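Asks: One structure is given below, represented as structure tokens, and several questions about it will come after.
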Amino acid sequence: MDAVDLEVVNVLFFQQMLDAVEHERWDEAAMALFKLYAIEDGERFTDLELPLSDGEEDLTVRAA
């Protein structure tokens with residue numbers, strides 16, 4: 001995952017955290033915050049990358 005993709009994921013997790021806090025879904029907010037800290041600590045989230053083989057695009061996302 002390149003830096004731009006990681007920045008987009010970072011923003012999405014931040015928005016998820018804000019929405020969860022606004023609606024008092026504390027478990028979801030805690031998980032989003034955990035993921036933000038993981039990005040800061042260098043997590044690359046390779047399970048979100050799309051594998052490419054033989055020039056063929058596979059548009060499935062693997063489960064974490």
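Asks: Taking Val9, is it modelled with pLDDT under 90 and in contact with a Leu (Cβ under 8 Å, 6 or more places away or on another chain)?
Replies: It is true that Val9 is modelled with pLDDT under 90 and in contact with a Leu (Cβ under 8 Å, 6 or more places away or on another chain).
Asks: Related question: Go through the stretch 16-33 and report how many residues are open to solvent by 90 Å² or more (accessible area, probe 1.4 Å) and at pLDDT below 95.
Replies: 1
Asks: Give the stretch 34-56 a look and list any residue that's modelled with pLDDT of 85 or more and outside any helix (DSSP H, G or I), or say none.
Replies: If the condition is that a residue be modelled with pLDDT of 85 or more and outside any helix (DSSP H, G or I), then Asp41, Gly42 are the ones that fit.
The values are calculated or read from the model by the stated rules, or taken from the named source; none is laboratory data. These figures come from a predicted structure and were not determined experimentally. Cβ coordinates were reconstructed from backbone atoms using ideal geometry, including for glycine residues, and neighbour counts include every protein chain displayed. Side chains included, ligands, DNA and RNA excluded: accessible areas come from the protein's heavy atoms. Shrake-Rupley method; radii C 1.70, N 1.55, O 1.52, S 1.80 Å.
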